[in-house]
Structures are given as structure tokens and as C-alpha cells.
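Please read the structure below before turning to the comments.
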Amino acid sequence: MKLKQYLNYPIVLFVLVLFFSCKQNTENLPPPNIVWLVSEDNSMHYLKMFNENGVETPNLENLAAEGLVYTHAFSNAAVCSAARSTIISGLYGPHLASHYHRKIEKVSMPQEVKMFPAYLKKAGYYTTNNSKEDYNIIKSNNVWDDSSKKASWRNREEGQPFFHVYNSGITHEGSLHFNKETFENKKTTTSLESFKIQPNHPNTELFKYTNALYRDKIVEMDTRMGKVINQLKEDGLYDSTFIFYYGDHGGVLPGSKGYLYETGLHVPMLVHVPKNYKNLVNNKLGSKVKGFVSFVDLAPTVLNLAGVEIPEALDGKPFLGENITAEEINNRDETFSYADRFDEKYDMVRAIRKGKYKYIRNYQPFNYDGLMNNYRYKQLAYKEWAKLYKEGKLNDVQAAFFKPKKTEMLFNVESDPFETNNLAENKEFETVLLQLRNNLNKHLLKMPDLSFYPEHFLINNAFDNPIKFGQEHKEAISKYMQIADLSLSDFDAVKQQINEALNSKDPWERYWGIIVCSNFGEKANEFTLKLKEIANSDVEPINKVRALEYMGLFLNENTLGEIAQVLYKSKDTAEALLILNSMVLLTDNEFGYNENYNFELLSKKITTNQDIKNRIEYLSNKKFNL
């Protein structure tokens, strides 16, 4: 039948007219408004819309009714400043060296990339943040029109599109820093019997109370988010505003925040899709999106929704916009994460999750998870957990937090959501292990990962232009990665390569050679003479400390006094903090605690740093009675 014959039918003609009219109206709309509702320290495990063990959050549930729920959304880092630095830059933390928490120095943005709100502002958006920033990056003046506790979209020019961030601190870790009196006398709204305690935690009254109080805070947070949503409705903006909700990283029950387990990374995320801009989304509204999205994807996603060109240098890719198909998003099944210094506690951990499998690479597994960290141990549940471990009252799963880790860990997080059954040494999963190990190494080398240099070296040599530094030193970083990966082989097969690293003229090849020795433990005792030589005469103070650390851990020698002598000569805050980490590690492993440290010998510049103060106070009087 010819087109003219179709047009004889009034209904068909009406449909065609309506279609072209709607299409023209959509194309003539201004760019959409975009609002982020961000709650602090929430993983998906505690909200019922994401996990049956969570509490109901009616305001967020209603927000998602005409939108999308992302069941696999991940922070790339498990602590706020590192996570937020990834979000604002659109770059992975180890790519930019922006992932050390808390910052000792701020790092520079690369010349070819700006903090993403600057692109929105240039395109005519009114950009506001209320009010937390917490970036480890030097911020230019063109990022926010207003970043303060008074920031609001209501101060923009009439008709101007806006991007607004609202941060809620109700659920922050500090809310669980209650005292013994509060625990004994204050009731929670959430019943202590309404949820299950995760298997790596002791099932005590204190842990039940902490869980219940945390869930109370989540309900309170939901109420606060509802007020912001209602403000948008009151202003007639609800139908023209994309509203994102997400947690800024994982939760704060012990062993979550700061650690690359799912409870530290797997966040709740949903997006309300406004009626006027449904054309920008290809998913069915009200549905769940199973594809993987990460914080590094947020910047390009917002730019894409706003119709702003996405800089090629960004590490992430958009997951919303008319050019993004539902099929392509649902095929995304991988996320990358990282952890290094967390306050005064040092470690170096990287992870890849692909589908249901999670691979964790512990580069310094002797730095066990439960190593003293001042802010963590303000939480009574942390203190009780450590106390029960010392008293021998935990089972193997619960006690793992206080023991050296395996260099590689592999988990099926669908059947083992709290990552208690390590499959890395199970031959049935060898193919999966090798695939994810290879995927991780590709990530690290592509950036490349700057943390194969110690933090203090990066601050002094790379922070002016970290991306350029990484490219110029990519070959060296590749070599350090290869040395670090000797830990994954049989000792006898790689001991010649370890020997070459220990005798290298490159101090950072020696650095990684020493760490590999510590990873092999007593097997590496044949390098004792070389390690003692390094401890006595290496030009890099941290290499002396790493060698002395090995002797303390595996030769049963009390090397704390010698490490202290290296510390006294340090003039660098980050270097001193790394040295102090080794001292606390040896102290807590009971290798001859020395009560007579003369910390007055340290320079005043170093001792003004709060993390340094925390370590000194702990070593001076062991004030935390765990």
C-alpha cells in the first residue's frame, strides 16, 4: 500500500503528526538539569532495595520508580578523598596519584584535563556543590559557581541549566563513634534481631547494636534526601532534572571502609529519569541495570547527558545518554579498584571484579588489615573485634582480619558475598585466576600505576605533572611490576631474579626486591647477608627500613631501635609516615616493643602532621587498650 493511501486514515495521520511534534519539542529543549544526592559511607548491603539484609528507604525507592537502579555500581576506592578525587577528575587514582588518604600534598591535574564541572560551566551550566569536596587535587577557580553549605540551584539565572551536588554526612563513620554509656543505655529504632551479622564479624551484642544504629542512620539519611527531592518538586524542576543517588564509597562497619572488599566498594546507585528527557535513556524505566558502572564513569556520564564533549583523556566512559544502548551497558562486567595509604596505615592493594569473580592482589600482604589505624579504632566494635582476637575467641574467618594476607585472593562474590573463601589456590579456578591477574596487570600498565614508587618519591618528583611523569617512567614501572610479581612464583624458580633486584643500581628495583623477600618470608632467609648490607648502607632510607622490617618479621630480631634511628634523620613527612608504619607493624607483632623512642629528635615540620602524631602517640604509650 502506498503512503498516500495510509494518509487517508485519520488515526495514522494523527500518530505521525504527534511523533514529529514530540521529536521537534524534545530537540528544542534546553540541556537537562542534573542533581547528585550523595550519602557518605554506604555500601549497598544495608539498603533493602539492593539487599534483603538492609532497611527500607522509601524516598529513594520512590525516586527509582521512574528511573533505573544500578545493581552493580562500584567506587574505585574505599575511602572518601580517594573516591571523590576519582569522581571529580574522571581519572583513576593511581594514574594521577590522587588516591592517598589523607593528602599530605595535593597533586596537579594534567594540563589536558579539567575537573569535569568546569566543562559544564563553560557550556552555560550553573554548577554548585553543597558542600563536601575533599579532593586530593589542586582545584582551579572555574569548577564551581558556589561550593558551600549555602550552595543551591535557586541562585542561578532564570532558565539556566544547573548541576548541583548535595552531600549528606548523616551516615558518616563518625556517627558510629559512640561510647560505652551510649551502647548500654540508648535504644535503636531498628531491631537488633531484624538482620544477620556478616560471617567475618563476631556475633556479639555490641556488633548487633552497631549494625542497628548504622541502619537507623541510613533511614535518617533517606528522610533528608526526601527533603531535597521535594524542593525540586516545589520548584517545578522534577520533570526536567536527572537525579542520581549514590553512596560515596562502601560502609563503615569494621573491615569495610578503607578495604577492597565488596562492603568497601559496592555502592547503592539509582537515577531518576525526568519525563522531559526520557529520550536520553535507552533502558526501560523502573528496571534494574545489571551492567557494571564505576565512579570513574560519572564525569563522562554527566557530560554526555549535558551534550558536552567528553575529553579523550578521561579513564571512564558514559553509561547514560541517547547514544548509549541498554545492551552495551548490560554487557559491561568489570570494575577496577585500589587502596594505598589510609590515614597513617600503609598498604598497597589492587582488585579486579569481573562478573561474579573478584581478584585481589596484595602487594604487601604482611601489612595485615587490622593494623592500628587511629580513626578506625575509635569505633567500639573495632576495639572489641581486636580484643576477641587477642583472647583467641574468634573462628578462622573472623580472625583473618588480624593475620597476614595471601598475596593473591580470588572469590566468587555471588556465592560468597563477604569474601571468606579464597579460591586462589584451588586448581579448579586457575584459569579464572590467571585471566583476572592478566586483566589487572593490563590496567596497571596502561595508566601506568604510579604507586610502584613510594608516596614520598612521587610527592617530590611527580606531583607537578603526574600523567607526564607516568608516561616518561612507564618502562621503569613495568620493571617494578615484574619484580613485584616474582612473589607469585615458586621461590626457587625466581630467586636469581630476586638477587638481581636486590643488587640493582635502581633503588626502587631494590625496594621491590626487599618487599618480595618479605612476601616469601622465611624462604628468603638466604638473602639475609644482602638484606643486612642494605640495612647498613643503602642510599635510600626507606630501603634500610624495609630490610630491617624483614629481619624483625622473619629473623626474630628486634630492629625497632635501628628503624627509629633512620626515622630521626628523615626530613620528609610521607617518608617518616611510611617508616612509622613499619614500626607499628613490628610493635603489634610483639617483636620487642621499645618504650624509649626519642621522638623529640624529629623535625617540627614532620610532627605537625596529624597522622604522624597518631603514630607517635600510639608508639609512645600504646594508648589504645584493645
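The values are calculated or read from the model by the stated rules, or taken from the named source; none is laboratory data. Bear in mind the structure is a predicted one, so any value in this text is a computation, not a measurement. Glycine gets a Cβ as well: all are built from the backbone with ideal geometry, and neighbour counts include every protein chain shown.
Does the stretch 435-457 include one or more residues that are in contact with a Ser or Thr (Cβ under 7 Å, 6 or more places away or on another chain), of a type in the set (A, V, I, L, M, F, W, C), touching a residue at least 24 places away in the same chain (Cβ under 8 Å) and closer than 16 Å to Asn543 by Cβ?
No, there is no match, as no residue in the stretch 435-457 is in contact with a Ser or Thr (Cβ under 7 Å, 6 or more places away or on another chain), of a type in the set (A, V, I, L, M, F, W, C), touching a residue at least 24 places away in the same chain (Cβ under 8 Å) and closer than 16 Å to Asn543 by Cβ.
Select from the stretch 268-279 the residues that are touching a Leu at 6+ places or on another chain (Cβ under 6 Å) and of a type in the set (A, V, I, L, M) and write down the one among them that is nearest to Ser75 (Cα to Cα).
Val271
Taking Leu213 and the conditions (1) in a loop (DSSP other than H, G, I, E, B); (2) free of Cβ contacts under 8 Å to residues at least 60 places away in the same chain, which numbered condition does it fall short on, given that it satisfies the others?
Of (1) in a loop (DSSP other than H, G, I, E, B); (2) free of Cβ contacts under 8 Å to residues at least 60 places away in the same chain, only one is false for Leu213: (1).
Could you pull out the residue among Glu312, Glu344, Glu328, Glu322 that is touching a Lys or Arg at 6+ places or on another chain (Cβ under 7 Å) and either within 26 Å of Phe418 (Cα to Cα) or not hydrophobic (A, V, I, L, M, F, W, C) (or both)?
Numbers: Glu312 fails: touching a Lys or Arg at 6+ places or on another chain (Cβ under 7 Å); Glu328 fails: touching a Lys or Arg at 6+ places or on another chain (Cβ under 7 Å); Glu322 fails: touching a Lys or Arg at 6+ places or on another chain (Cβ under 7 Å).
From the options Glu312, Glu344, Glu328, Glu322, the qualifying one is Glu344.
Against the condition β-branched (Val, Ile, Thr), more than 30 Å from Arg350 (Cα to Cα) and surrounded by 23 or more Cβ atoms within 10 Å (Cβ to Cβ), how does Thr171 come out, does it pass?
For Thr171, the condition - β-branched (Val, Ile, Thr), more than 30 Å from Arg350 (Cα to Cα) and surrounded by 23 or more Cβ atoms within 10 Å (Cβ to Cβ) - is not met.
Would you confirm whether any residue within the stretch 399-415 is surrounded by fewer than 19 Cβ atoms within 10 Å (Cβ to Cβ), within 23 Å of the chain's Cα centre (by Cα) and assigned to a helix (DSSP H, G or I)?
Checked the stretch 399-415: at least one residue is surrounded by fewer than 19 Cβ atoms within 10 Å (Cβ to Cβ), within 23 Å of the chain's Cα centre (by Cα) and assigned to a helix (DSSP H, G or I).
How many residues, within the stretch 119-146, are small (Gly, Ala, Ser) and crowded, with 18+ Cβ neighbours inside 10 Å?
0
Going through the stretch 438-462 one residue at a time, which ones are surrounded by fewer than 18 Cβ atoms within 10 Å (Cβ to Cβ) and either within 19 Å of Asn362 (Cα to Cα) or among the aromatic types (Phe, Trp, Tyr) (or both)?
Narrowing the stretch 438-462 to residues surrounded by fewer than 18 Cβ atoms within 10 Å (Cβ to Cβ): 438-439, 442, 445-446, 460-461.
The answer is Asn438, Asn439, Lys442, Leu445.
Here is a list: Lys187, Lys233. Which entry is part of a helix (DSSP H, G or I) and either under 23 Å from the mean Cα position of the chain (by Cα) or surrounded by fewer than 20 Cβ atoms within 10 Å (Cβ to Cβ) (or both)? Spell out the reasoning first.
On the way: Lys187 fails: part of a helix (DSSP H, G or I).
Just a single option satisfies the conditions, and that option is Lys233.
Given the options Leu488, Leu502, name the one that is more than 30 Å from Ala313 (Cα to Cα), crowded, with 21+ Cβ neighbours inside 10 Å and at pLDDT 95 or above. Spell out how you get there, then give the answer.
Values: Leu488 fails: crowded, with 21+ Cβ neighbours inside 10 Å.
None of the other options fit; the residue is Leu502.
Of all helices (runs of 4 or more DSSP H) completely enclosed by the stretch 297-392, which ones contain at least 1 residues that are touching a helix residue (DSSP H, G or I) at 6+ places or on another chain (Cβ under 8 Å)?
298-305, 380-390
Glu419 passes all but one of (1) assigned to a helix (DSSP H, G or I); (2) buried (at least 17 other Cβ atoms within 10 Å of the Cβ); which number fails?
The failed condition is (1).
Give all pairs with beta carbons closer than 8 Å in which a residue from the stretch 157-179 that is over 19 Å from Lys227 (Cα atoms) meets a residue that is in a strand (DSSP E or B) and at pLDDT 95 or above; count only pairs at least 6 apart in sequence or on separate chains.
Correct list of pairs: Glu157/Tyr126; Gln160/Tyr126; Pro161/Asn33; Pro161/Tyr126.
Does any residue in the stretch 180-202 that is at pLDDT below 95 come within less than 8 Å, Cβ to Cβ, of a residue that is in a loop (DSSP other than H, G, I, E, B) and not charged (D, E, K, R) six or more places away or on a different chain, and which pairs are these?
Qualifying pairs under 8 Å: Lys186/Phe178.
Going residue by residue through the stretch 363-375, is there one that turns out to be under 22 Å from the mean Cα position of the chain (by Cα) and without any contact (Cβ under 8 Å) to a residue 24 or more places away in the chain?
Going through the stretch 363-375, the residues under 22 Å from the mean Cα position of the chain (by Cα) turn out to be 363-375.
Remaining after also requiring without any contact (Cβ under 8 Å) to a residue 24 or more places away in the chain: none.
Scanning the stretch 363-375 turns up no residue that is under 22 Å from the mean Cα position of the chain (by Cα) and without any contact (Cβ under 8 Å) to a residue 24 or more places away in the chain.
What tally of residues in the stretch 250-290 results from selecting those that are within 26 Å of Asp239 (Cα to Cα) and part of a loop (DSSP other than H, G, I, E, B)?
Of the residues in that region, 9 qualify.
Residues checked against (1) of a type in the set (A, V, I, L, M, F, W, C); (2) part of a loop (DSSP other than H, G, I, E, B); (3) more than 25 Å from Pro274 (Cβ to Cβ):
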{"residue": "Tyr119", "(1), (2), (3)": "no, no, no"}
{"residue": "Gly124", "(1), (2), (3)": "no, yes, no"}
{"residue": "Asp134", "(1), (2), (3)": "no, yes, yes"}
{"residue": "Ala151", "(1), (2), (3)": "yes, yes, no"}
{"residue": "Arg154", "(1), (2), (3)": "no, no, no"}
{"residue": "Gly159", "(1), (2), (3)": "no, yes, no"}
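Picking from Pro300, Pro318, which residue would you name as being of a type outside the set (A, V, I, L, M), farther than 26 Å from Ile459 by Cα and touching a Gly at 6+ places or on another chain (Cβ under 6 Å)?
Going through Pro300, Pro318 in turn, the sole match is Pro300.
If a residue has to be acidic (Asp, Glu), touching a residue at least 24 places away in the same chain (Cβ under 8 Å) and closer than 22 Å to Asn367 by Cβ to count, how many in the stretch 407-427 make the cut?
2
Do we have any residue at all in the stretch 468-481 that's within 14 Å of Ile515 (Cα to Cα), surrounded by 19 or more Cβ atoms within 10 Å (Cβ to Cβ) and not acidic (Asp, Glu)?
Scanning the stretch 468-481 turns up at least one residue that is within 14 Å of Ile515 (Cα to Cα), surrounded by 19 or more Cβ atoms within 10 Å (Cβ to Cβ) and not acidic (Asp, Glu).
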